[in-house]
Amino acid sequence: QVQLVESGGGLVQPGGSLRLSCAASGSIFSTNVMGWYRQAPGKQRELVAGITGRGETNYAEFVKGRFTISRDNAKNTVYLQMNSLKPEDTAVYYCYVDRILGRYWGQGTQVTVSS
């Protein structure tokens with residue numbers, strides 16, 4: 001059984017920063033791909049960033065240069081550093097981990113960017 005618990009969301013002003021964390025428990029291996037999606041009200045869930053066990057990363061175009069994904073394999077934790085936040089970044093952010101039998105999701109953490 002795999003459990004993912006996100007933290008770090010909240011309310012921030014435009015131009016501000018937040019750091020999201022996602023701690024995984026259960027049968028997680030350093031080779032599993034982990035990452036973040038987000039879903040804004042009335043929109044489909046979209047990929048934000050992913051990272052392999054070797055640290056290879058991929059980002060959505062709309063966050064390149066602003067967000068940084070990283071992971072600590074010893075802690076089974078993935079992070080998302082979000083800088084220069086915009087109102088359009090407002091969404092529920094979900095972390096995920098890919099295993100052979102499927103993808104597991106966290107419960108989500110709300111990020112609101114507003115003045």
Enumeration of residues in region 56-98 that are in a strand (DSSP E or B) and of a type in the set (Gly, Ala, Ser): Ser70, Ala91
Flag for Tyr59 being of a type outside the set (S, T, N, Q), crowded, with 18+ Cβ neighbours inside 10 Å and out of contact with any Ser or Thr (no Cβ under 9 Å at 6 or more places or on another chain): no
Test: Arg19 is open to solvent by 60 Å² or more (accessible area, probe 1.4 Å) and either outside any loop (DSSP other than H, G, I, E, B) or closer than 26 Å to Ser114 by Cβ (or both): yes
Residue in region 62-71 that is farthest from the chain's Cα centre (by Cα), counting only those that are surrounded by 15 or more Cβ atoms within 10 Å (Cβ to Cβ) and closer than 23 Å to Gly15 by Cα: Arg66
Contacts under 7 angstrom Cβ, first residue in region 63-78 being in contact (Cβ under 8 Å) with a residue 12 or more places away in the chain, partner open to solvent by 30 Å² or more (accessible area, probe 1.4 Å) and assigned to a loop (DSSP other than H, G, I, E, B), 6 or more apart: Arg66/Asn83; Arg66/Ser84; Asn73/Ser30
Residue count, region 98-115 (criterion: out of contact with any Lys or Arg (no Cβ under 7 Å at 6 or more places or on another chain), at pLDDT 95 or above and open to solvent by less than 40 Å² (accessible area, probe 1.4 Å)): 4
Filter result for Gly53 (loosely packed, with under 13 Cβ neighbours inside 10 Å and in a loop (DSSP other than H, G, I, E, B)): no
Options Gln13, Gln81, Gln39, Gln3; residue that is modelled with pLDDT of 95 or more, open to solvent by 70 Å² or more (accessible area, probe 1.4 Å), polar (S, T, N, Q) and at negative phi: Gln13
Condition met for Glu46 (under 20 Å from Gly102 (Cβ atoms), surrounded by fewer than 16 Cβ atoms within 10 Å (Cβ to Cβ) and out of contact with any Leu (no Cβ under 9 Å at 6 or more places or on another chain)): yes
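The values are calculated or read from the model by the stated rules, or taken from the named source; none is laboratory data. Bear in mind that the values here come from a model prediction, so they are computed numbers and not experimental data. Don't worry about glycine lacking a Cβ; one is built from the backbone with ideal geometry, like all the others, and counts go over all protein chains shown. Just so you know, the surface numbers come from the protein's heavy atoms only, side chains and all, with ligands and any DNA or RNA stripped out. Shrake-Rupley method; radii C 1.70, N 1.55, O 1.52, S 1.80 Å.
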